[in-house]
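Below is one structure, written out as structure tokens; comments come after it.
The values are calculated or read from the model by the stated rules, or taken from the named source; none is laboratory data. Since the model is a prediction, treat every value here as computed from it, not as a measurement. Virtual Cβ from ideal backbone geometry, glycine too; neighbours counted across all protein chains shown. Surface accessibility is based on the protein's heavy atoms, side chains included, excluding ligands, DNA and RNA. Shrake-Rupley method; radii C 1.70, N 1.55, O 1.52, S 1.80 Å.
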Amino acid sequence: MSTDAKEVMVEVRRVTKTFDEFTAVSDVSLEIRAGEFITLLGPSGCGKTTLLRMISGFETPTQGQIFIAGQDVTHDPPYRRDANQVFQSYALFPHMTVKENIGFGLRMKKVPKSEAQERVREAIAMVSLGGMEDRKPSQLSGGQRQRVALARAIVCRPKVLLLDEPLSALDAKLRHAMQVELKHLQQKLGITFVFVTHDQEEALTMSDRIAVINQGKVEQLGDATAIYHQPKTTFVANFIGQANILEGRVVSRAGRKVTLRLEGGPEVTLLADDLPDDATTAMISVRPEKILIRKQREESDNVFEAEIAEEIFKGATDQLMLRTPGGLELWAVVANESARQATVHKGDKVFCHLHFDDIVVVQGN
Amino acid sequence: MTPTAGLPDTRGAERAPGLRGWLLMAPLLAWLGAFVIAPTLIMLVYSFCDRDELGQVVFTFSWSNYTRVFDPTYLKILLKSVYYAAITTAICLVVGYPVAYWVGRAPERVRNKLLALIMIPFWTSFLIRTYAWMTILKSEGPLNSLLLYLGMISTPLDILYTPTAVVIGLVYSYLPFMILPIYGSVEKLDNALVEAAFDLGAGPVRAFASVIAPLTRPGIVAGVMLVFIPAIGMFAITDLMGGARVPMIGNVIQNQFGQARDWPFGAALGMTVLLLFAATFWLTTKKDPSAT
């Protein structure tokens with residue numbers, strides 16, 4: 001696995017960027033390892049693009065430093081950095097053909113003509129654009145333009161490839177195909193990818209690690225499963241997938257085992273590692289699909305009763321709104337396994353089962 | 001895009017104007033016919049005519065006026081006019097492009113203010129502005145006073161009534177005509193393209209040469225034509241700032257219709273310059289085979 005290499009390719013050291021009064025990036029530190037696929041994920045305006053643009057050199061940090069391959073590049077212009085960017089709008093040169101676009105970086109770097117031609121040919125093959133060499137960008141489809149933009153950047157063999165929401169303009173089907181293709185390409189080339197997106201599904205699909213960014217800060221950094229299963233804050237829990245964020249009072253505590261009484265609901269027991277000893281209340285996140293729903297009570301860490309107050313058909317799944325006798329409402333998801341025997345319906349009284357591990361303590365924002 | 005089979009091709013440039021289109025264009029066409037096409041045709045006819053001793057036009061047919069145009073005296077003036085116009089255009093381009101680029105890249109809210117600053121001189125009469133320049137440039141004017149005071153010169157420079165003064169006047173008058181079309185092109189230039197050039201290793205000079213200049217070429221071409229063509233025929237500035245010492249083709253033509261009372265020859269000179277303009281226009285706008 002490429003992330004085993006511990007060499008740091010890009011280091012963002014205590015970087016702050018302010019525009020007039022607005023702080024876009026606030027004291028962010030981030031180490032990006034060589035060869036990894038890291039995603040900066042966050043809602044629009046969270047500062048992820050500004051962070052990317054400081055790595056590419058289009059913005060200069062107000063404070064802090066940026067290193068690429070151990071070199072301080074904080075004040076270097078983009079054309080002196082060993083990083084290339086794939087732009088959201090692709091930014092293909094309209095007056096150049098596909099071949100000229102892809103060869104542009106090599107011409108600027110004065111790569112010998114024969115070598116440049118060979119590398120352009122290779123890049124064109126890699127993104128499956130054979131036969132399109134002499135077309136102008138205006139004669140290409142969105143997906144083809146996307147590939148040209150990608151080829152134009154990777155042909156330069158940068159140490160870091162920066163991608164600014166490159167798939168956002170594609171339709172859903174093409175986007176899914178490109179996600180897989182990008183990931184394969186990254187593994188094949190071994191180039192460090194820094195990918196910016198607001199699409200959580202995209203981030204989960206491709207990334208070795210995800211940095212969830214909110215209001216100019218890295219809220220959580222980790223691999224996809226950790227980000228999904230162990231969100232540290234309510235923001236992360238809500239932004240990636242769906243989550244029931246519930247608040248409860250600490251009723252009892254025995255080592256890691258903490259029992260909470262949820263507001264208007266049952267008591268649940270969970271394993272808490274980072275809940276302060278003197279905490280009297282706690283906020284938890286429960287993923288809807290982790291709530292196991294049965295008509296009969298079964299053996300589990302936590303079991304409570306609820307009524308199905310709402311049932312929404314979603315195709316592969318049913319989304320259920322559960323209401324406990326005390327009035328606590330939470331969402332659950334069940335798979336539509338067989339059309340003939342949908343197990344539970346609106347109005348049914350059911351038993352909800354929850355494992356210790358599936359309840360995560362989160363910090364409020 | 002290829003038009004779908006069976007459907008009429010409705011792309012704007014190739015569509016016939018239709019009755020409504022012609023009606024909308026009628027006032028313009030009438031105006032052009034009365035004040036551009038008709039006078040040009042009259043000039044064309046005159047240019048082949050002759051004149052009597054009193055300066056009356058005599059309707060005959062001869063090429064003599066055109067052979068006179070190629071008399072070394074006039075040819076030299078014509079070439080000199082082209083030369084001054086070319087220098088003026090070059091200076092306007094070098095000075096105007098950075099201004100246009102800077103204004104075009106400025107944040108939207110300041111852009112209009114900067115444009116207004118460029119347009120403000122037009123609020124004053126052209127003659128007043130030219131006289132102001134004459135005052136500035138004359139030997140006891142502010143420019144010489146300043147240079148003397150700074151010790152950069154010891155005797156006043158003779159700028160007024162020299163070709164330099166004429167070029168200064170021309171550059172000053174035509175600079176906005178260079179800036180505005182280039183600004184139009186720069187404003188439409190997607191900043192991401194400039195960034196992409198930088199990102200791919202182009203320094204400022206190479207980014208300009210390979211991306212910015214080619215993509216703002218329509219503005220440059222328009223600017224060059226808007227400056228070069230009128231600068232060739234300009235006579236008021238040459239009259240005032242060049243004195244009588246820097247005659248340009250515009251002055252010669254003006255003179256034929258005025259004091260010299262030789263309308264047929266003036267017409268022939270005018271038609272020659274018109275042909276020159278047409279040739280310039282054709283050369284600069286003919287379809288670039290590499291463009292789509």
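Coupling constants for the range A:200-213 follow from the phi torsions by the Karplus curve (6.51 cos²θ - 1.76 cosθ + 1.60, θ = phi - 60°), and in residue order they are 5, 5, 4, 4, 5, 5, 9, 7, 6, 9, 10, 10, 7, 10 Hz; glycine and proline get x.
Per the Debye formula on identical point scatterers at the alpha carbon atoms of the range A:257-308, with no solvent, log10 I(q)/I(0) at q = 0.14, 0.20, 0.25, 0.27 Å⁻¹ is -0.44, -0.85, -1.22, -1.35. Summary value for the range A:8-238: 28 percent relative contact order, contacts being C-alpha pairs under 8 angstrom separated by 6+ residues. Across the range B:187-192, computed HN-Hα scalar couplings (Karplus, 6.51 cos²θ - 1.76 cosθ + 1.60, θ = phi - 60°) run 4, 7, 5, 5, 4, 4 Hz from first to last residue, x flagging Gly and Pro.
For Cα pairs less than 8 Å apart in space and 6+ apart in sequence, what is the mean separation divided by the residue count of chain B, i.e. the relative contact order in percent?
Working: 295 pairs, mean separation 75.7, N = 292.
Averaging sequence separation for qualifying contacts and normalising by length gives 26 percent for chain B.
Residues of the range A:72-96 with the amide nitrogen closer than 16 Å to a label point 7 Å from the Cα of A:ALA169, along Cα-to-Cβ, please. Correct set: A:85-96.
If the Kirkwood radius is taken over C-alpha pairs of the protein assembly as shown, then at 25 °C and 0.890 mPa s the Stokes-Einstein diffusion coefficient equals 77 µm²/s. Counts of other chain beta carbons within 10 angstrom of each beta carbon in peptide B:200-208 average 6. The residues neighbouring B:ASP52, those whose beta-carbon lies less than 12 Å from its own, together hold a net charge of -1 under the Lys/Arg +1, Asp/Glu -1 convention.
Could you state, as a whole-number percent, how many of the C-alpha pairs of the range A:242-362 are farther apart than 16 Å? Working shown, then result.
On the way: 4345 of 7260 pairs.
Here the tail beyond 16 Å accounts for 60 percent of pairs.
For chain B, what does -39500 (n - 2.57) per DSSP helix run (n ≥ 4), summed and divided by total residues, give at 222 nm, in deg cm²/dmol to the nearest 500?
On the way: 14 runs with 191 residues, N = 292.
Mean residue ellipticity, 222 nm, calculated: -21000 deg cm²/dmol.
Counting only protein heavy atoms and rolling a 1.4 Å probe, how much accessible area do B and A lose on contact, total for both sides, in Å² to 100? The partial results should precede the final answer.
Numbers: alone 18050 and 18140 Å², together 34280 Å².
In total, chains B and A hide about 1900 Å² from solvent.
The value for the range B:18-85 of Rg(Cα) / (2.2 N^0.38 Å) is 1.67. Largest first, the extents of the alpha carbon coordinates of the range A:229-293 on the three principal axes equal 30, 25, 17 Å. Rolling a 1.4 Å probe over the protein heavy atoms gives chain B an accessible area of 58 Å² per residue.
Would you calculate the separation in nanometres between label points at B:TRP63 and B:SER154, each defined as 7 Å from the Cα along the Cα-to-beta-carbon direction? For the pair B:TRP63/B:SER154, the computed spacing is 5.9 nm.
Once you list every other residue whose beta carbon is under 11 Å from the beta carbon of A:VAL196, what net charge do they have if Lys and Arg are +1 and Asp and Glu are -1? Mind dumping the intermediate values first?
On the way: positive: A:LYS48, A:ARG53; negative: A:ASP164, A:GLU165, A:ASP199, A:GLU202.
Spelling it out: positives minus negatives among the neighbours equals -2.
Enter the mean number of other protein chain beta carbons within 10 Å of the beta carbon of each residue in A:75-81, as an integer.
On the way: counts 0, 0, 4, 9, 10, 3, 3.
Other-chain Cβ atoms within 10 Å of each residue's Cβ, averaged: 4.
Listed by chain and number, the lysines whose alpha-carbon sits under 27 Å from that of B:LYS188, ignoring those within fewer than 8 places in the same chain, are A:LYS48, A:LYS99, A:LYS136, B:LYS113, B:LYS286, B:LYS287.
Cross-link reach is defined here as a Cα-Cα straight distance under 17 Å, omitting same-chain residues fewer than 8 places apart; for B:LYS138 the aspartates and glutamates meeting it are B:ASP158, B:ASP239. With the Cα gyration tensor of chain B giving a ≥ b ≥ c as the square roots of its eigenvalues, does the rule (a/c under 1.5 for rounded; else a/b larger than b/c for prolate; else oblate) give rounded, prolate or oblate? Note, shape of chain B comes out oblate. Between B:THR284 and B:VAL110, the distance separating the two model label sites (each 7 Å from Cα on the Cα→Cβ line) works out to 3.0 nm. Extending each Cα 7 Å along its Cβ direction at B:VAL36 and A:ARG107, get the distance between those two points in nm, one decimal. The answer from the label model is 3.7 nm. A probe of 1.4 angstrom, applied to the heavy atoms of all protein chains, finds A:LYS232 with accessible area near 110 square angstrom.
Charged neighbours of B:GLY242, selected by a Cβ distance under 15 Å, balance to +1 (K, R count +1; D, E count -1). Going from the chain on its own to the full set of protein chains, the range A:16-57 has no residue losing 40 Å² or more of accessible surface (heavy atoms, 1.4 Å probe, no ligands, DNA or RNA). Sequence-distant contacts, meaning Cα pairs under 8 Å at least 6 residues apart, place the relative contact order of the range A:242-362 at 30 percent. Just the protein heavy atoms count here, and of the accessible area of chain A at 1.4 Å, carbon and sulfur take up 47 percent.
What does the convex hull of the alpha-carbon atoms of the range A:111-204 project to on average, in nm²? Could the numbers behind the result be given before it?
Details: hull surface 25.8 nm².
Over every viewing direction, the Cα hull of the range A:111-204 projects on average to 6.5 nm².
Here, the range A:8-238 yields an orientationally averaged convex hull projection of 12.6 nm² when only Cα atoms define the hull. In this structure, B:LYS76 and B:LYS188 have a Cβ-Cβ separation that, at R0 = 35 Å, corresponds to a calculated FRET efficiency of about 0.25.
When shorter helices are ignored and each DSSP H run of at least 4 residues is given -39500 (n - 2.57), the per-residue value for chain A at 222 nm works out to -7000 deg cm²/dmol. Accessible surface for chain A, divided over its residues, is 47 Å² per residue with a 1.4 Å probe. Taking a straight line from the alpha carbon of A:LYS295, these lysines sit under 26 Å away, with near neighbours fewer than eight places off in the same chain left out: A:LYS314, A:LYS346, A:LYS349.
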